[in-house]
């Protein structure tokens, strides 16, 4: 494995940066195909998007789906882990509070739906 960047024209796998746009609590955010919802949120400068039981802000903690700190609602599907769900162009994300309600539009919150990449549509 090399630490050097490979120019797109020389990439044998054919990877290309494909832009996408998701909406988080009514605000459009830009990302790149292949990023997780959490990756798009972090790249947009949003380190937290959920409120825990104590009222503390929560966001990405483990990044591998073992915890539930990054839960969001995506396209109406509640309690989706933002670290596991790939972002798709046009996704509508709503952030959540501990009581299950959505945050108001001006706060960081993300909703993540079932992973459409998994065979049965379930969250991995």
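The values are calculated or read from the model by the stated rules, or taken from the named source; none is laboratory data. A quick note: this is a predicted structure, and the numbers were derived from the prediction, not measured. A quick note on method: Cβ atoms are made from the backbone with ideal geometry, for glycine too, and the neighbour counts reach across all protein chains shown.
Could you please find all residues in the range 71-111 being within 13 Å of residue 59 (Cα to Cα) and modelled with pLDDT under 55? Hits for the range 71-111 are 107, 108, 109, 110, 111.
Every residue, every condition in (1) crowded, with 17+ Cβ neighbours inside 10 Å; (2) part of a strand (DSSP E or B); (3) under 12 Å from the mean Cα position of the chain (by Cα), yes or no:
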residue: 34; (1), (2), (3): no, no, yes
residue: 45; (1), (2), (3): no, no, no
residue: 49; (1), (2), (3): yes, yes, yes
residue: 54; (1), (2), (3): no, no, no
residue: 58; (1), (2), (3): yes, yes, no
residue: 63; (1), (2), (3): yes, no, yes
residue: 66; (1), (2), (3): no, no, no
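In the range 33-51 there is no residue that is touching a strand residue (DSSP E or B) at 6+ places or on another chain (Cβ under 6 Å) and at positive phi.
Scanning the range 20-30 for residues that are more than 10 Å from the chain's Cα centre (by Cα) and in contact (Cβ under 8 Å) with a residue 24 or more places away in the chain turns up 20, 21, 23, 25, 26, 27. In the condition set (1) surrounded by fewer than 20 Cβ atoms within 10 Å (Cβ to Cβ); (2) closer than 11 Å to residue 22 by Cβ; (3) without any contact (Cβ under 8 Å) to a residue 60 or more places away in the chain, residue 88 is compliant with all but (3).
Evaluate the range 51-66: report whether one residue or more is under 17 Å from residue 23 (Cβ atoms) and modelled with pLDDT of 90 or more. Steps first, answer last, please.
Keep residues of the range 51-66 that are under 17 Å from residue 23 (Cβ atoms), which gives none.
No: zero hits.
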